[in-house]
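Peer 1: Pasting in a structure now, in structure tokens, and then I'll have a few things to ask.
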Amino acid sequence: FPRLDLQLDSIDREGGPSASTGARVVLIERSDEILSPYHPTSRAYALEVLRSRGVEVMLGESVIEVTAGEVRFASGRTLPTRTLVWAAGVQGHPLAAALGLPVGRAGRVEVEADLSIAAHPEIFVVGDLALAKDRAGKPLPQLAPVAQQGAKHVAETIERRLTSQASKPFEYRDPGVMATIGRHAAVTELPSGLRLRGTLGWLAWLFLHLMQLVGFRNRLNVLINWAWNYFTYDRSARLILPAPDRDLRD
């Protein structure tokens, strides 16, 4: 499931910019909306929550250069910063092009309907490196469910070939999409058309991610850690900021 996953609770537990932390969070989005694959109501909700929690959202801005002290945009604007988190998609490994495989958009290998390579039907590509497409010819997203289902399909295809059976095209079963924005804030959209947001969407995100873990012990450990973090606001990650009256280099 794709995640916006800006865990803002450590910035402000009550849902607003906290002066005590001294942290400024700016979200840059190239398009005119965030979470573009989602329904308009989900996009509007996510934007409203982010801004209500003190996040500055800049829409329609393209980053052209990042230096040690600032980010520069195509519009000519600059943003002074020393901390940058880049989350602009996944690029295929350059090994595919180096091997002479047919490479398409974002460095992904062009595959047949059964995820094999046209010139080498004995070779299969799955996961983020495969430019797999749905029935309408639209590229499938680079998500874990696509990789998992693709791997299972390839295993079944190999079994079929060993028994002289014809291959079947890969058909992706969309389990839905989710994005968590922070405590009690998430959006969930299921293939049935059901859309959840707020606390219900957040609980659905927690439940499904918990159930995807392998083994009861792992699920129990994660559930206990989540409960501890929820009630104590304790997190392993912390921001190290200079004291107001002196420079960090002193």
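Peer 1: Would you point out which residue out of Arg108, Arg77 is among the basic types (Lys, Arg), touching a helix residue (DSSP H, G or I) at 6+ places or on another chain (Cβ under 8 Å) and either modelled with pLDDT of 90 or more or more than 30 Å from Val146 (Cα to Cα) (or both)? Quick ask: steps written out before the conclusion?
Peer 2: Values: Arg77 fails: touching a helix residue (DSSP H, G or I) at 6+ places or on another chain (Cβ under 8 Å).
None of the other options fit; the residue is Arg108.
Peer 1: Within the stretch 181-195, track down each residue that is open to solvent by less than 50 Å² (accessible area, probe 1.4 Å) and under 19 Å from Pro40 (Cβ atoms). Lay out the reasoning, then the answer.
Peer 2: Keep residues of the stretch 181-195 that are open to solvent by less than 50 Å² (accessible area, probe 1.4 Å), which gives 181-183, 185-189, 193.
Ile181, Ala185, Ala186, Val187, Thr188, Glu189, Gly193, listed by residue number.
Peer 1: While we're on this one: Filter the strands (runs of 3 or more DSSP E) completely within the stretch 128-220 down to those with at least 2 residues that are over 16 Å from the mean Cα position of the chain (by Cα). Please lay out each step first, then the result.
Peer 2: On the way: elements: 177-182, 185-189, 195-197.
Correct list: 195-197.
Peer 1: Going through the stretch 82-96 one residue at a time, which ones are open to solvent by 100 Å² or more (accessible area, probe 1.4 Å) and within 11 Å of Ala106 (Cα to Cα)?
Peer 2: Those that are open to solvent by 100 Å² or more (accessible area, probe 1.4 Å) and within 11 Å of Ala106 (Cα to Cα): Gln91, His93.
Peer 1: Additional query: Using the structure shown, decide if Ala136 is under 23 Å from Pro37 (Cβ atoms) and either open to solvent by less than 60 Å² (accessible area, probe 1.4 Å) or modelled with pLDDT of 90 or more (or both). Show your work before the answer.
Peer 2: Working: under 23 Å from Pro37 (Cβ atoms): yes; either open to solvent by less than 60 Å² (accessible area, probe 1.4 Å) or modelled with pLDDT of 90 or more (or both): no.
Spelling it out, it is not the case that Ala136 is under 23 Å from Pro37 (Cβ atoms) and either open to solvent by less than 60 Å² (accessible area, probe 1.4 Å) or modelled with pLDDT of 90 or more (or both).
Peer 1: On the basis of being assigned to a loop (DSSP other than H, G, I, E, B) and either polar (S, T, N, Q) or at pLDDT below 90 (or both), does Leu101 make the cut?
Peer 2: Working: assigned to a loop (DSSP other than H, G, I, E, B): yes; either polar (S, T, N, Q) or at pLDDT below 90 (or both): no.
When the stated conditions are applied, Leu101 does not pass them.
Peer 1: Kindly provide the set of residues from the stretch 111-132 that are within 13 Å of Leu101 (Cα to Cα) and of a type in the set (D, E, K, R), ordered by number. Step through it out loud before you land on a result.
Peer 2: Restricting attention to the stretch 111-132, the residues satisfying the condition of being within 13 Å of Leu101 (Cα to Cα) are 111-112, 116-121, 123-125, 129-131.
Correct list: Glu112 only.
Peer 1: Please verify whether the stretch 49-71 includes one or more residues that are at pLDDT below 90 and within 18 Å of the chain's Cα centre (by Cα).
Peer 2: Within the stretch 49-71, not a single residue is at pLDDT below 90 and within 18 Å of the chain's Cα centre (by Cα).
Peer 1: Looking at Ala130, Ala155, Ala119, which one is of a type in the set (A, V, I, L, M), out of contact with any strand residue (DSSP E or B) (no Cβ under 7 Å at 6 or more places or on another chain) and closer than 26 Å to Gln212 by Cβ? Explain how you work it out, then say what you get.
Peer 2: On the way: Ala130 fails: out of contact with any strand residue (DSSP E or B) (no Cβ under 7 Å at 6 or more places or on another chain); Ala119 fails: closer than 26 Å to Gln212 by Cβ.
Among Ala130, Ala155, Ala119, only Ala155 is of a type in the set (A, V, I, L, M), out of contact with any strand residue (DSSP E or B) (no Cβ under 7 Å at 6 or more places or on another chain) and closer than 26 Å to Gln212 by Cβ.
Peer 1: Further question on the same structure: Quickly run through the stretch 31-68 and pick out the residues that are outside any loop (DSSP other than H, G, I, E, B) and of a type in the set (Phe, Trp, Tyr).
Peer 2: Of all residues in the stretch 31-68, those outside any loop (DSSP other than H, G, I, E, B) come to 40-52, 56-59, 63-66.
Tyr45, the sole residue that qualifies.
Peer 1: While we're here: Can you tell me which residues in the stretch 159-173 are open to solvent by 70 Å² or more (accessible area, probe 1.4 Å) and in contact (Cβ under 8 Å) with a residue 24 or more places away in the chain?
Peer 2: Lys168, Pro169, Glu171, Arg173 - these are the residues of the stretch 159-173 that are open to solvent by 70 Å² or more (accessible area, probe 1.4 Å) and in contact (Cβ under 8 Å) with a residue 24 or more places away in the chain.
The values are calculated or read from the model by the stated rules, or taken from the named source; none is laboratory data. As the structure is a prediction and not an experimental result, all values here were calculated from the model. Because the Cβ atoms are built from the backbone with ideal geometry, glycine has one as well, and the counts that use them run over all protein chains shown. Quick note on the areas: whole protein, heavy atoms, side chains included, nothing else; ligands and nucleic acids left out. Shrake-Rupley method; radii C 1.70, N 1.55, O 1.52, S 1.80 Å.
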